[in-house]
Amino acid sequence: IKNKSIMENGLSEERRGLITGSPCHVLFPKRSAEKGQLTYAKLLAKERVFKYSDNATTWQMEHGHMGEVVAMEWFLENIDKKAIKPEFVKKGEFGGSGDCLTENYGVDFKCPTSLEKWLEYLTEGVSNQQYWQAQMYMFIYDRPKWKVCAYLVETNYMSDNGVTYPISPDKRCIENTIDKLDGFEEMLLEKSKFVIEKRNEFIAIYKNLL
């Protein structure tokens with residue numbers, strides 16, 4: 001049962017307690033973010049000590065995972081047939097698992113749950129979180145560019161009810177390209193010191209419960 005719980009929560013030994021791509025934006029706040037960084041440090045410590053994550057799966061998350069598979073198939077057929085799904089990479093205190101990797105750049109697929117949210121990638125571009133996630137992936141996989149590709153795919157509810165988006169298949173990918181930020185590695189090492197220090201303090205506290 002214990003092993004099943006760990007598998008269901010998507011944790012692997014190499015990943016536990018590492019700073020990863022999606023949440024790393026808390027290291028680069030637009031304003032003071034000590035509270036958010038402390039929360040992240042507690043999460044990393046909990047993963048490292050208890051080998052468990054409280055993350056719950058929602059239908060939006062399931063749609064995203066399903067959409068990534070469809071988007072990858074589209075990418076291989078239309079953009080680069082040699083692209084691969086990369087393995088998880090650990091680099092010091094950092095780690096990540098990208099969606100797609102080509103010889104010259106990487107790709108992060110986003111699959112919004114509505115036409116409105118998909119169109120925001122065209123009018124608004126990527127979010128702050130997605131920008132820093134891309135920087136982390138470029139650092140981990142040593143690529144000079146990372147593309148955030150928003151791919152439009154119907155939800156299960158839409159498919160079950162015969163509803164489709166009014167967008168032709170050849171126009172369903174909105175692409176935003178992010179260039180590698182000069183000096184990002186140095187910034188990351190400096191910005192992560194507080195979170196790593198606090199994570200280790202919380203690890204020492206949590207171990208008393210074992």
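Tabulated results
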read-out: Looking only at segment 61-86, and only at residues there that are modelled with pLDDT under 95 and more than 15 Å from Tyr151 (Cβ to Cβ), the one that is least open to solvent (accessible area, probe 1.4 Å); value: Met61
read-out: Residue match in segment 164-184 (condition: open to solvent by 70 Å² or more (accessible area, probe 1.4 Å) and farther than 26 Å from Phe75 by Cβ); value: yes
read-out: Residue, modelled with the highest pLDDT, within segment 5-38, restricted to residues that are under 11 Å from Tyr52 (Cα atoms) and open to solvent by 50 Å² or more (accessible area, probe 1.4 Å); value: Glu13
read-out: Condition met for Met136 (farther than 16 Å from Gln60 by Cα, open to solvent by less than 70 Å² (accessible area, probe 1.4 Å) and at pLDDT 95 or above); value: yes
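Conditions tested, residue by residue: (1) open to solvent by 80 Å² or more (accessible area, probe 1.4 Å); (2) under 23 Å from Leu76 (Cβ atoms); (3) among the aliphatic types (A, V, I, L, M).
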site: Glu116; (1), (2), (3): yes, no, no
site: Tyr121; (1), (2), (3): no, yes, no
site: Gln129; (1), (2), (3): no, no, no
site: Trp132; (1), (2), (3): no, no, no
site: Tyr141; (1), (2), (3): no, yes, no
site: Tyr151; (1), (2), (3): no, yes, no
site: Ser159; (1), (2), (3): no, yes, no
site: Gly162; (1), (2), (3): no, no, no
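The values are calculated or read from the model by the stated rules, or taken from the named source; none is laboratory data. Predicted model, so just to flag it, every value in this text is computed and none were measured. When we count neighbours, we look across all protein chains shown, and the Cβ atoms used for this are built from the backbone with ideal geometry, even at glycine. Each accessible area value is taken on the protein alone, full model and side chains, heavy atoms only, with ligands, DNA and RNA left out. Shrake-Rupley method; radii C 1.70, N 1.55, O 1.52, S 1.80 Å.
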